[in-house]
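The values are calculated or read from the model by the stated rules, or taken from the named source; none is laboratory data. Keep in mind that this is a model prediction, so the values were computed, not measured. Note: ideal-geometry Cβ built from the backbone for every residue, glycine included; neighbour counts use all protein chains shown.
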Amino acid sequence: MPITFKKHTLPNGLTIIAECDPDAHTAAIGYFVRTGARDEASKVMGVSHFLEHMMFKGTESLTSDDINRGFDELGARNNAFTSNEMTCFYAHILPEHLTSATNLLAQMMRPALRTADFDMEKGVILEEIAMYKDNPFWVLYESCVERHYPNHPMSHRVLGTTETITDLARDEMAAYFDHRYSADTTTVALAGRIDFDRSVAQIETLCGTWPKTNARRDASAPPIWQGEFEMRDEKVSRAYLLGMSLAPSAQDPRRYAAAMLAQILGGSDNSRLHWALIETGLADEAQSAHDPHDGTGEYYVYCSCDPDKADECWAVVKREIANLSASLTPDDLSRLRNKLATAVTLGGEKPHDRMHRIGRLWTLLGEYRTLEEELEQINRVTLDDLRAVAAAYPISNMTFGRLLPATAASE
């Protein structure tokens, strides 16, 4: 039987969507909230991610052990994530356990936010921040983002900073939760073998009293900074180079061409940067990607190498960017179409992946597209489309950062 899409909106604004597949062997459910780092005041940067942790600490009637044991007893594969633009809590289970998983997730979404739990978890978050400070890529990437989006919430770090998390108060978190984790910012996405009407009735019973707050986001295009900066760190022994430039937003139909162009430039294999940097031994890492957001987007281009080869490596990167549009061939397009189509189709075979696809899409854009429509959009992209997006959004116009050893090898 074919997969069917269904949607229902509760009176309080909570939206329920599903791809129903009666032939599936599993079911998946996710509670998506349209809030993330870009929706935070700078003073409370990191509160969305901190809240993600607090959801697992218990409710007024459930302890953290109750929650963890509950998912374990269901045999669920469950987790959560926070990004700049959304937070999600999900579970992948056997269909006969969907009712229990739905109930457990809904209860989690209304945490107690106990002060003792808050104080204890703050230490965990600070340790996580410290761990990322030991990752050179993330140190450079976050520094680049902060400069690329000057004085704008898009520059916020998802984890926050040591200072913002240390200073964050429990009541500030509660106020943020009350405003942003509302019915009208929440989408419940389901996929697999489900009884949609039964799920709607259950979710309305569980979530029908959640308040509506009309929380909004400023999705206007943020200002962009272009320039160069350098960082030195005595803990690193390699050179890390990263450029970031303006790219199509999540709403822009050119995002498909942009994603494909970035893959041709710096995909994991058979890309321009792979052959020019990795295969020649100039760099040990090289990649590029397109990251679409609500109202804006960015390309990033990254490589790491021996410090004495930093200038040579980045000269090669700039050469490959400059020659990219003219060097595009029908073979590039055909190969990438097949690769992307395979990835999309393989993901479509799992209710877990389908749930995430429709949940993310609806949360970000408020729309649904079938897997077949996504594949059609990919297959429609032409060489002229790739060249047009390259001209409209020049990758060479970038924020460029270097992270180098405290004393460069050439000094």
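Side notes on the structure shown:
- Within segment 287-334, the residues that satisfy the criterion of being among the aliphatic types (A, V, I, L, M), in contact (Cβ under 8 Å) with a residue 12 or more places away in the chain and either not in a loop (DSSP other than H, G, I, E, B) or not assigned by TED's automatic domain parsing to the domain that holds residue 239 (or both) are 289, 301, 310, 316, 317, 321, 322, 324, 333.
- Yes/no for residue 2 being over 20 Å from the mean Cα position of the chain (by Cα), outside any strand (DSSP E or B) and free of Cβ contacts under 8 Å to residues at least 60 places away in the same chain: yes
- Residue in segment 169-206 that is nearest to residue 370 (Cα to Cα), counting only those that are surrounded by fewer than 22 Cβ atoms within 10 Å (Cβ to Cβ) and in contact with a Phe, Trp or Tyr (Cβ under 7 Å, 6 or more places away or on another chain): 183
- Residue in segment 15-31 that is in contact (Cβ under 8 Å) with a residue 12 or more places away in the chain, among the small types (Gly, Ala, Ser) and at positive phi present: no
- Looking only at residues of segment 113-136 that are touching a Ser or Thr at 6+ places or on another chain (Cβ under 9 Å) and of a type in the set (A, V, I, L, M), we find that the one that is farthest from residue 174 (Cα to Cα) is 130.
- Residue 164 more than 30 Å from residue 235 (Cα to Cα), of a type outside the set (A, V, I, L, M) and in a helix (DSSP H, G or I): no
- Segment 48-79, residues that are among the aromatic types (Phe, Trp, Tyr) and farther than 24 Å from residue 27 by Cα: 50
- Pick from segment 328-357, criterion within 18 Å of residue 6 (Cβ to Cβ) and of a type outside the set (A, V, I, L, M, F, W, C), ranking: modelled with the lowest pLDDT: 348
- Contacts under 8 angstrom Cβ, first residue in segment 53-75 being assigned by TED's automatic domain parsing to the domain that holds residue 118, partner among the small types (Gly, Ala, Ser) and in a helix (DSSP H, G or I), 6 or more apart: 56/64; 57/64; 58/64; 62/70; 70/100; 71/101; 74/100; 74/101
- Checking 154, 173 one by one, the residue that is touching a Lys or Arg at 6+ places or on another chain (Cβ under 7 Å), under 25 Å from residue 215 (Cα atoms) and either in contact (Cβ under 8 Å) with a residue 24 or more places away in the chain or not in a strand (DSSP E or B) (or both) is 154 and no other.
Residue by residue, here is whether (1) assigned to a loop (DSSP other than H, G, I, E, B); (2) of a type in the set (S, T, N, Q) holds:
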{"residue": "222", "(1), (2)": "yes, no"}
{"residue": "225", "(1), (2)": "yes, no"}
{"residue": "231", "(1), (2)": "no, no"}
{"residue": "251", "(1), (2)": "yes, yes"}
{"residue": "257", "(1), (2)": "no, no"}
{"residue": "261", "(1), (2)": "no, no"}
{"residue": "276", "(1), (2)": "no, no"}
